[in-house]
């Protein structure tokens, strides 16, 4: 089976599992929306402030809850399954790309729904021309977060405290994504160029993709 | 891909393997010739699983040399060699939320095997009527049968069984025996690991003992 | 199946009738055409309240009788109740945007309490989905279903307890505050949505009964496992 066929097969099974297990839709997504609702209440309903911080709260919660999507149960392999995949000749890089494809679909859907909820709940101050930039940044963050989560999941595979440990690894590494995303919209309000920030997002995503593919084999051997 | 004619299926020469800073296998010499099924008996913690995973090239050796299907196991690219290896380990490898037939279709696709043969494989192992049950709702024995069906599809040249027959009913054990026979008949080799010497005596052409990481001479 | 089709047909007719009443009632002087949402928003929320009340009843009955049918009733009613709550929230937001200038008012306790109720029952479904064992699932769901119903009176009476943007109860013990045509439209639609609720419940319970009947035998029974064909091992 070719590299891309392996990747698509892994992505297909991953999405099938997520449809059946359903943790993203049934648990993580409602939890993220409830978390959005906590902020205005915690800020004593100072609604002018709520509108100002809406987009920032979206990025913060998107990253934090998005990590749970990236580290979902359906994307976890036991040692026995990884051994089987090795004996089937599955390229670890193809597994990374497959997880990236399925995770990217889930993460994009997840973040877009959370974004919609934030818009309804926070009535955010979005500068002129901000909506396309916001949506575009959301997609780039979705890809980057999926890549980070998949890599962190591989590094922590087989460990008992995997989810917490992987989240700890992902959070600081996600800073370039948060900075690029928040600054790209902020640049519009300041009337400065958005291009450097969009390029930061694209560069981060590309670097993580290259790292994921290049490190797939060494990670596979290190985690046997 | 056809592998070249080889003298031995597996050749361990003075192999040592360390895991977690502990020497698990030491000075291990073992040769499995084509058509042989070698049994390795030993108590828990003797290194049986490590031996199996080393033969599968999933664990690197620290000392000595290992050849699997004519290839040096220290080689970088072992994809072709691994594809000719079949293994049944302690724990089933099925994805719990997929049905039995979905699990088998998935591994068949990854192995590049014609999906049309999957139904036939399930018939032979007696699971054609149960194939639409999710793996999580199936017994250990049923999951083992699916793993056997997978190996019937991929026809490995080296078969590795780690306590594969433990906990199985008589008909499933007969299947394991048929699988071993099939591999031997094709000129392949088998390593069967178990703590049950009686089982090994039934399945294997000779039996060796593994104790404290060392292999005693095979009888 | 015939019973379900009949009820679905009846529900379609009832909704059609309700729609006619809602569209032909005179619009409100202040809210204009948006007042027609009176035909769906309050009825949807009422049906949701009833649905969650049925869940509580089913939950209590399961705790007393331990019969599977009560658990199925409770779970089905949550699923349908969530749909009606979502309809209520969505139509409420549309109405709010038109009348208040905002779809969401943080200071409205009815809106907040309805949203909380929605998520609690989503959590109920997530809990059920996470448990494979039917008895454990029924027990834990019954406990949650019994506790969660406390929210229903809280949501309903929130407009009485706090001054909010939200309109107060349209129907009170001393009479209604709205024109008769609107009141009739609202009541007709409430009846229509109750028929929809019943149709959805019957359909969902039929599916649940079928799923329960088709559930695989215990893996230990292994009736679906046949003897292997040892002579055909080479023919795969």
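The values are calculated or read from the model by the stated rules, or taken from the named source; none is laboratory data. Just so we're clear, the structure is a prediction, and the values are computed from it rather than from any experiment. For neighbour counting, all protein chains shown are included, and Cβ atoms are generated from backbone atoms with ideal geometry for every residue, glycine included.
I'm trying to understand the selection: among the residues of region A:1-15, which are within 7 Å of another protein chain (Cβ to nearest Cβ) and part of a helix (DSSP H, G or I)?
A:6, A:9, A:13
Put simply, of B:21, B:42 the only residue that is more than 9 Å from chain A (Cβ to nearest Cβ), in contact with a helix residue (DSSP H, G or I) (Cβ under 7 Å, 6 or more places away or on another chain) and at pLDDT below 90 is B:42. Which of the residues that make up region C:87-112 are within 12 Å of chain A (Cβ to nearest Cβ), in a helix (DSSP H, G or I) and at pLDDT 85 or above? Residues satisfying the conditions are C:89, C:90, C:92, C:93, C:94, C:96, C:97, C:111, C:112.
Of the helices (runs of 4 or more DSSP H) contained entirely in region A:128-224, those carrying at least 2 residues that are more than 13 Å from the chain's Cα centre (by Cα) and farther than 26 Å from residue A:74 by Cβ fall at A:130-155, A:175-190, A:195-222. Taking region B:187-219 as the range and being free of Cβ contacts under 8 Å to residues at least 24 places away in the same chain and assigned to a helix (DSSP H, G or I) as the test, only B:198 passes.
Residue C:40 meets the conditions (1) touching a residue at least 12 places away in the same chain (Cβ under 8 Å); (2) crowded, with 19+ Cβ neighbours inside 10 Å; (3) closer than 17 Å to residue C:158 by Cα in every case but one. The failed one is (3). Check whether at least one residue in region B:160-169 is within 13 Å of chain C (Cβ to nearest Cβ), modelled with pLDDT of 95 or more, touching a strand residue (DSSP E or B) at 6+ places or on another chain (Cβ under 6 Å) and surrounded by 18 or more Cβ atoms within 10 Å (Cβ to Cβ), and report yes or no. Within region B:160-169, none of the residues are within 13 Å of chain C (Cβ to nearest Cβ), modelled with pLDDT of 95 or more, touching a strand residue (DSSP E or B) at 6+ places or on another chain (Cβ under 6 Å) and surrounded by 18 or more Cβ atoms within 10 Å (Cβ to Cβ). Just one of (1) modelled with pLDDT under 90; (2) farther than 19 Å from residue C:187 by Cα fails for residue C:23. It is (2). Condition (residue is closer than 25 Å to residue B:108 by Cβ, outside any helix (DSSP H, G or I) and over 15 Å from the mean Cα position of the chain (by Cα)) applied to region A:108-123: is it met by at least one residue? No - not one qualifying residue is present in region A:108-123. Here residue A:95 fulfils each of the conditions (1) more than 30 Å from residue B:162 (Cα to Cα); (2) touching a helix residue (DSSP H, G or I) at 6+ places or on another chain (Cβ under 9 Å); (3) assigned to a helix (DSSP H, G or I) apart from (1).
Report whether or not residue A:84 is facing chain B (nearest Cβ under 10 Å), without any contact (Cβ under 8 Å) to a residue 12 or more places away in the chain and either over 22 Å from the mean Cα position of the chain (by Cα) or under 30 Å from residue C:112 (Cβ atoms) (or both). Yes; evaluated as a whole, the condition is true for this residue. For the condition free of Cβ contacts under 8 Å to residues at least 24 places away in the same chain and part of a helix (DSSP H, G or I), residue B:120 qualifies. Filtering B:173, B:184 for residues that are out of contact with any helix residue (DSSP H, G or I) (no Cβ under 9 Å at 6 or more places or on another chain) and either within 13 Å of chain C (Cβ to nearest Cβ) or part of a helix (DSSP H, G or I) (or both) leaves a single hit, B:184. Considered as a group, the residues in region B:90-101 that are buried (at least 19 other Cβ atoms within 10 Å of the Cβ) and either in a helix (DSSP H, G or I) or without any contact (Cβ under 8 Å) to a residue 24 or more places away in the chain (or both) include one that is farthest from the other protein chains (Cβ to nearest Cβ), and that residue is B:101. Selection of region C:126-136 for residues being in a helix (DSSP H, G or I) and more than 7 Å from chain A (Cβ to nearest Cβ) yields C:127, C:128, C:130, C:134, C:135, C:136.
No other residue among A:188, A:151 is more than 14 Å from chain C (Cβ to nearest Cβ), over 27 Å from residue A:46 (Cβ atoms) and either without any contact (Cβ under 8 Å) to a residue 12 or more places away in the chain or in contact with a helix residue (DSSP H, G or I) (Cβ under 9 Å, 6 or more places away or on another chain) (or both) apart from A:151. Taken together, the criteria exclude residue A:32 from residues that are touching a residue at least 24 places away in the same chain (Cβ under 8 Å) and away from chain C (no Cβ under 14 Å). Can you pull out the residues in region C:163-213 that are farther than 24 Å from residue C:34 by Cα and at pLDDT below 70? Scanning region C:163-213 gives C:173, C:174. Could you list, ordered by first residue, the pairs with Cβ atoms under 6 Å in which the first is in region C:65-91 and in contact (Cβ under 8 Å) with a residue 12 or more places away in the chain and the second is in a loop (DSSP other than H, G, I, E, B) and crowded, with 20+ Cβ neighbours inside 10 Å, at least 6 apart or interchain? Within 6 Å, the pairs are C:91/C:40. Being touching a strand residue (DSSP E or B) at 6+ places or on another chain (Cβ under 6 Å) and over 20 Å from residue A:167 (Cβ atoms) is a description that applies to residue A:87. Based on this model, can you work out whether residue A:41 counts as part of a loop (DSSP other than H, G, I, E, B), facing another protein chain (nearest Cβ under 10 Å) and surrounded by fewer than 17 Cβ atoms within 10 Å (Cβ to Cβ)? Judged against the criteria, residue A:41 is not a match. Taking the criterion of being more than 7 Å from every other protein chain (Cβ to nearest Cβ) and either within 21 Å of residue B:187 (Cα to Cα) or buried (at least 23 other Cβ atoms within 10 Å of the Cβ) (or both), the residues of region B:132-146 that qualify are B:144, B:145, B:146. Cβ separations smaller than 8 Å between residues 6+ apart or across chains give the following pairs from region A:6-26 residues that are touching a residue at least 60 places away in the same chain (Cβ under 8 Å) to residues that are outside any helix (DSSP H, G or I): A:6/A:90; A:6/A:91; A:9/A:1; A:10/A:90; A:18/A:72; A:24/A:72.
Determine which single condition residue A:111 fails, assuming it passes every other condition in (1) in contact with a helix residue (DSSP H, G or I) (Cβ under 7 Å, 6 or more places away or on another chain); (2) modelled with pLDDT under 95. So the condition that residue A:111 fails would be (2). Residue pairs whose Cβ atoms lie under 8 Å apart, sitting 6 or more positions apart in sequence or on different chains, and linking a residue in region B:5-30 that is under 17 Å from residue B:190 (Cβ atoms) to a partner that is assigned to a strand (DSSP E or B) and at pLDDT below 90, are B:30/B:215. Of all residues in region B:102-125, those satisfying the criterion of being facing chain A (nearest Cβ under 9 Å) and within 25 Å of residue B:136 (Cβ to Cβ) are B:102, B:106, B:107, B:109, B:110, B:111. Taking region B:147-170, which residues are in a loop (DSSP other than H, G, I, E, B) and closer than 16 Å to residue B:35 by Cβ? Hits for region B:147-170 are B:155, B:156, B:157.
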